[in-house]
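Inspection log for the structure reproduced underneath, given as structure tokens.
The values are calculated or read from the model by the stated rules, or taken from the named source; none is laboratory data. Fair warning: this is a prediction, and the values are worked out from it, not measured in the lab. In this analysis, Cβ positions are derived from the backbone assuming ideal geometry, glycine residues included, and neighbour counts consider all displayed protein chains. Heads up: the accessible areas ignore ligands, DNA and RNA and are worked out on the full protein's heavy atoms, side chains in. Shrake-Rupley method; radii C 1.70, N 1.55, O 1.52, S 1.80 Å.
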Amino acid sequence: MRFTKFLRVTASAAVLSAVAAGVAYAQDEVTSVDEIVVTAQKREQNLQDVPIVVTALPEAALENAGVKDIKDMTILTPGLTVTSTSNESSTTARIRGVGTVGDNPGLESSVGVVIDGVYRPRNGVGFGDLGEMQRIEILKGPQGTLFGKNTSAGVINIITKAPSFDYGVELEGTAGDYGQLGMSASVTGAIVDDVLAGRLYVARRQRDGFYDVDTGDGPRTNTQDNDQDFWTGRAQLLFQPSDIFDLRFIADYTHREEVCCAAVQIRTGPTSNFINALAVGTGVSIPADPYARVAFANRDNNQDIRDRGWSAEANLDFESINATLTSVTAMRAWDLVNGLDLDFSGADIAWRDDNGDNGVSIDTFSQEFRLAGATEHLDWLIGAFYSTEDLMRRDSYIYGSDYNAYTSFLLTAANVQRPDRLGCFTAVVFNPACLANGLNQGVVNTAGDGIADIYSQNSESLAFFTNNSWRFAEGWELTVGLRYTMDSKAVVSKFNNTGSNGAVCAAALANATPASAKGLLCLPWANPFFETNFAGFGAGISRQSFDDDDLSGTAKLSYRMNENIMLYGSYARGYKAGGFNLDRIQSSNGLQSGGSGVVPVANTFFPAETVDSYELGAKTTWANGSFLFNATYFHQEFTDFQLNAFLGTSFTVQSIPGLTAQGVDADMIWFTPLEGLSFTGGVTYTDAEYDNFTAADLDTPSTFGPLSLLPGNRPSFAPEWSISGSATFDRDIGDNLRLLLNFSGKYMTDYNTKSDLLPLGEQDAFFVANARIGIGAPDRSWTVEFWANNVFDEEYKQVAFNASLQGTFFQSTVQPNGTYYNPALDTGTYDAFLGAPRTMGVTLKLKY
């Protein structure tokens, strides 16, 4: 018999058939906690022997809750939130209130996503249809020793079904409201008896949009948004020529062509009057009624995403030393092209085209080697990991036909409020009389001009690691792991102002235009100095690079008091790589005191993020193995926490000196005396808080104003309480039918959805529930399921944000409350991406 399935996340789906909040069990076979198996330490162990907080969601649990992608599974996982913003690639996972906002590809993830042993470099890259899933495991807290960098908050580890030597065919068809249609098919079986097996999966899914769209000025004609339209395919081969060697090869391809993502107004400020004056019909909603789900966009939000790649995992046993050598090789390519109405209104102010000038491409190669073995008292592992990543971001900003008029309104709001006075501020000599009579006009922006910037970044990472568990006395086990990581990154930024863009700013800087007007006319996308030799590498070119290294690791000590109780304590250090802000960043050069201009920032580097995590936990089993209760206290201290915040005109990346998160994770499961009935649940209590800091503690002190609400306060997306639960009844009724009943729900207390913590980003406490009723054959050869997601049609925000150029949110001076925010002076319009409404449908499943 082979040494172990050590380092292969291949636990049997037949054993793991239902789970919630950190536990997995098979409803048909498992009737005791003693039979629950997880692979959180990349070896099969009983859940109660693992000194880690882990939520394992196997196939049956995922199916019962209607999970198709990672966002769906949040209902089953306390302490996990997943949100999307301007496109589906901007998807962010957070665990225990900690994660990385996904809009800027220069930032890597705090929560790592691993699919079939292959690390995905950004959360959004791994958030498509996951196909035939065997299991998903959510590991909470730093997991850098075995899973590498960029797992400082945790890991989402996804394992898909491997090929089987037994022939099988599965078909699935779904129809629902919002025009939802979906079909999938899979086939598996032996190609060469006992030597070569294959599996093929294909799926096609469509759904109408969740939003109606007022297209305003046009030229957009599509009156729906946030739809779904994609197909995916995955082919696998499993080669097992002997008992000591196997090779699994996977190739997959996904293509999404969708319209996403519209936002709605949650509050409209005074600038809405200007927008409505310029738009055909209504430009923005007044008053804001977000849950009418009427969005305003005169430009298309088309997204085209292509994700493809291959991986090969080989395992070779060395029986003489009771060890296994594993090699995982992977190459992946991911491309996004995305159009966007930047002002989220019916007026034609600014936009991004879907012609290829705006998007992201990520090409990766990774190679991992692991050698793992076991003796009577020691499980040992050594390994090495190498990866390279080529990232290209194409960023555009295009002036619409209303940009000049809208800017003129903003500049004249205090007096004449005219749409044709922009030229007054760009004349050779600024003359205030021009505001009244329109004479002395200067240059204006040309519709269709803007920017077309390109950021090209190369990253390399090399790591060596070891993880070892020593059973040194009866009941006692000590686990020690170390990982040494070396990173290097280099980026070339090429800034390009198209057409005559930049002339307006240059003209305003050359005359006596008021400083406030210069600030509006010289925003990053209008700044002519980005095309100069500001960084010393030629016109419009900036080059940056850095090398970094880090030693991370873990130490865990566990003691089994008896067969029902295990106590443990652990320490782990996590590491998230530093990087570069891939956006235009500028600093003022004395504009408020009559200075001459705005200066591009050549150095956009931000340092690595680290975390020190401490846990104390107990895992207990009761009632002859039919009831489980686990609880863990955690305390996490983050240093140089990487924050990405939208300021209404650009994204800023700042390293916040410190963030502390502490609390409790608790899980339970009850195998009731009634056959087929089980209850599972989990609770995460989180007390998270930024350290107190001042402008002097930031790398760029001038950005403190929009961050001044953070010191000493709870970070965004960190609810105090997150509670998940599910009830499942799954058993045969009579000789010819099987009945399935499932109800899953999640409750979260209030939290802020904005990185800058402005009050309008607050989301009240809410509860989301899914329900499923199924009937079918006892052997599951056919099943019909009626389902509803968000049964009670709960209304909630995913993410709120400041509408671009639509009001003043923070002030330029300290306010009476000690911050730069004054509610009485907040004139901003706020937009939001909403959570999905209630959806209902029916699914037919056939298995042969």
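Only one entry of 161, 149, 140 meets the criterion of being surrounded by fewer than 22 Cβ atoms within 10 Å (Cβ to Cβ), touching a Ser or Thr at 6+ places or on another chain (Cβ under 9 Å) and basic (Lys, Arg), and that entry is 161.
At least 2 residues being within 30 Å of residue 235 (Cα to Cα) and open to solvent by less than 20 Å² (accessible area, probe 1.4 Å) is the threshold, and among the strands (runs of 3 or more DSSP E) wholly inside region 252-345 those reaching it are 302-318, 323-338. Quick check, is residue 764 at pLDDT 95 or above, within 27 Å of the chain's Cα centre (by Cα) and at positive phi? Here the answer is no, as residue 764 does not meet what is asked. When residue 799 is tested against (1) surrounded by fewer than 21 Cβ atoms within 10 Å (Cβ to Cβ); (2) part of a strand (DSSP E or B), just one condition goes unmet, and that condition is (1).
Condition check ((1) aliphatic (A, V, I, L, M); (2) open to solvent by 60 Å² or more (accessible area, probe 1.4 Å); (3) modelled with pLDDT under 95) across all residues:
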site: 720; (1), (2), (3): no, yes, no
site: 723; (1), (2), (3): yes, yes, no
site: 730; (1), (2), (3): no, no, yes
site: 736; (1), (2), (3): no, yes, yes
site: 751; (1), (2), (3): no, no, no
site: 758; (1), (2), (3): yes, no, no
site: 774; (1), (2), (3): no, no, no
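Any idea which of (1) among the β-branched types (Val, Ile, Thr); (2) more than 30 Å from residue 823 (Cβ to Cβ); (3) modelled with pLDDT of 95 or more is the one residue 280 doesn't satisfy? Here residue 280 meets the rest and fails (3).
Here residue 246 meets each of (1) at pLDDT 95 or above; (2) surrounded by fewer than 16 Cβ atoms within 10 Å (Cβ to Cβ) with one exception, condition (2). The single condition among (1) buried (at least 24 other Cβ atoms within 10 Å of the Cβ); (2) not in a strand (DSSP E or B) that residue 113 does not meet is (2). Of all the listed residues (470, 525), the sole one being in contact (Cβ under 8 Å) with a residue 12 or more places away in the chain, surrounded by 15 or more Cβ atoms within 10 Å (Cβ to Cβ), in a strand (DSSP E or B) and of a type in the set (A, V, I, L, M, F, W, C) is 470. Of everything in region 806-823 that is out of contact with any strand residue (DSSP E or B) (no Cβ under 8 Å at 6 or more places or on another chain) and open to solvent by less than 40 Å² (accessible area, probe 1.4 Å), the residue that is nearest to residue 176 (Cα to Cα) is 806. Out of all the residues in region 687-701, is one or more more than 24 Å from the chain's Cα centre (by Cα) and surrounded by 20 or more Cβ atoms within 10 Å (Cβ to Cβ)? No, region 687-701 has no match at all. For region 508-521, the criterion of being out of contact with any His (no Cβ under 8 Å at 6 or more places or on another chain), among the basic types (Lys, Arg) and within 25 Å of residue 606 (Cβ to Cβ) is met by no residue.
Could you check region 391-416 and list, in sequence order, the residues that are of a type in the set (A, V, I, L, M) and assigned to a loop (DSSP other than H, G, I, E, B)? Step through it out loud before you land on a result.
The first filter runs over region 391-416 and keeps only residues of a type in the set (A, V, I, L, M), leaving 391-392, 398, 405, 410-411, 413-414, 416.
Answer for region 391-416, where residues must be of a type in the set (A, V, I, L, M) and assigned to a loop (DSSP other than H, G, I, E, B): 413, 414, 416.
Of the candidates 34, 28, 103, 69, the single residue that is modelled with pLDDT under 85, among the charged types (D, E, K, R) and in a helix (DSSP H, G or I) is 34.
Quick grid of which residues meet (1) without any contact (Cβ under 8 Å) to a residue 24 or more places away in the chain; (2) touching a Leu at 6+ places or on another chain (Cβ under 6 Å):
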{"residue": "146", "(1), (2)": "no, no"}
{"residue": "167", "(1), (2)": "yes, no"}
{"residue": "171", "(1), (2)": "no, yes"}
{"residue": "182", "(1), (2)": "no, no"}
{"residue": "188", "(1), (2)": "no, no"}
{"residue": "206", "(1), (2)": "no, yes"}
{"residue": "238", "(1), (2)": "no, no"}
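Inspection of region 381-391 finds no residue satisfying the criterion of being over 30 Å from residue 549 (Cβ atoms) and either touching a helix residue (DSSP H, G or I) at 6+ places or on another chain (Cβ under 9 Å) or of a type outside the set (Val, Ile, Thr) (or both). Screening residue 833 with (1) part of a loop (DSSP other than H, G, I, E, B); (2) at negative phi; (3) open to solvent by less than 60 Å² (accessible area, probe 1.4 Å) gives one miss only, at (1). The residues listed here are 449, 453; of these, the one that is touching a Phe, Trp or Tyr at 6+ places or on another chain (Cβ under 8 Å), within 30 Å of residue 119 (Cβ to Cβ), at pLDDT 95 or above and acidic (Asp, Glu) is 453.
Hey, can you tell me all the residues within region 372-390 that are within 21 Å of residue 477 (Cβ to Cβ) and assigned to a strand (DSSP E or B)? Can you show your working first?
Here is the first cut: in region 372-390, the ones within 21 Å of residue 477 (Cβ to Cβ) are 372-383.
Once the filter is applied, which keeps residues that are within 21 Å of residue 477 (Cβ to Cβ) and assigned to a strand (DSSP E or B), region 372-390 yields 372, 373, 374, 378, 379, 380, 381, 382, 383.
Evaluating residue 506 against the criteria (1) open to solvent by less than 40 Å² (accessible area, probe 1.4 Å); (2) among the aliphatic types (A, V, I, L, M); (3) in a helix (DSSP H, G or I) leaves one unmet condition, (1). From the list 583, 548, the one residue that fits, being crowded, with 16+ Cβ neighbours inside 10 Å, assigned to a loop (DSSP other than H, G, I, E, B) and within 34 Å of the chain's Cα centre (by Cα), is 583.
How many residues are in contact with a Pro (Cβ under 8 Å, 6 or more places away or on another chain) and under 27 Å from residue 68 (Cα atoms) if we restrict to region 190-203? Give the derivation first.
Of the residues in region 190-203, the ones in contact with a Pro (Cβ under 8 Å, 6 or more places away or on another chain) are 195, 197-199.
Applying the additional criterion that residues be under 27 Å from residue 68 (Cα atoms) yields 197-199.
Residues flagged as in contact with a Pro (Cβ under 8 Å, 6 or more places away or on another chain) and under 27 Å from residue 68 (Cα atoms) within region 190-203 amount to 3.
If I filter region 784-794 for residues that are open to solvent by less than 20 Å² (accessible area, probe 1.4 Å), in contact with a strand residue (DSSP E or B) (Cβ under 7 Å, 6 or more places away or on another chain), β-branched (Val, Ile, Thr) and not in a loop (DSSP other than H, G, I, E, B), do I get at least one hit? Within region 784-794, none of the residues are open to solvent by less than 20 Å² (accessible area, probe 1.4 Å), in contact with a strand residue (DSSP E or B) (Cβ under 7 Å, 6 or more places away or on another chain), β-branched (Val, Ile, Thr) and not in a loop (DSSP other than H, G, I, E, B).
Inside region 346-363, can you point out the residues that are open to solvent by 30 Å² or more (accessible area, probe 1.4 Å), under 18 Å from residue 307 (Cβ atoms) and in a strand (DSSP E or B)? Please lay out each step first, then the result.
Filtering region 346-363 down to residues open to solvent by 30 Å² or more (accessible area, probe 1.4 Å) leaves 351-355, 357, 363.
Still in the running and under 18 Å from residue 307 (Cβ atoms): 354, 363.
Within region 346-363, just 363 meets the criteria.
Scanning region 74-102 for residues that are more than 13 Å from the chain's Cα centre (by Cα) and not small (Gly, Ala, Ser) turns up 75, 76, 77, 78, 96. On the basis of being in contact with a Gly (Cβ under 9 Å, 6 or more places away or on another chain) and not aliphatic (A, V, I, L, M), does residue 210 make the cut? Here the answer is no, as residue 210 does not meet what is asked. Selection of first residues in region 437-455 that are within 21 Å of residue 398 (Cα to Cα) and of second residues that are open to solvent by 50 Å² or more (accessible area, probe 1.4 Å) and not in a loop (DSSP other than H, G, I, E, B), restricted to Cβ pairs under 8 Å at least 6 apart or on distinct chains, gives the following pairs, ordered by first then second residue: 453/494; 454/392; 454/494; 455/392; 455/494. If only residues of region 366-406 that are open to solvent by less than 20 Å² (accessible area, probe 1.4 Å) and among the aromatic types (Phe, Trp, Tyr) are counted, the one that is nearest to residue 493 (Cα to Cα) is 397. Before we move on, is residue 653 under 30 Å from residue 832 (Cα atoms), surrounded by fewer than 23 Cβ atoms within 10 Å (Cβ to Cβ) and among the aliphatic types (A, V, I, L, M)? Against the criterion (under 30 Å from residue 832 (Cα atoms), surrounded by fewer than 23 Cβ atoms within 10 Å (Cβ to Cβ) and among the aliphatic types (A, V, I, L, M)), residue 653 does not qualify.
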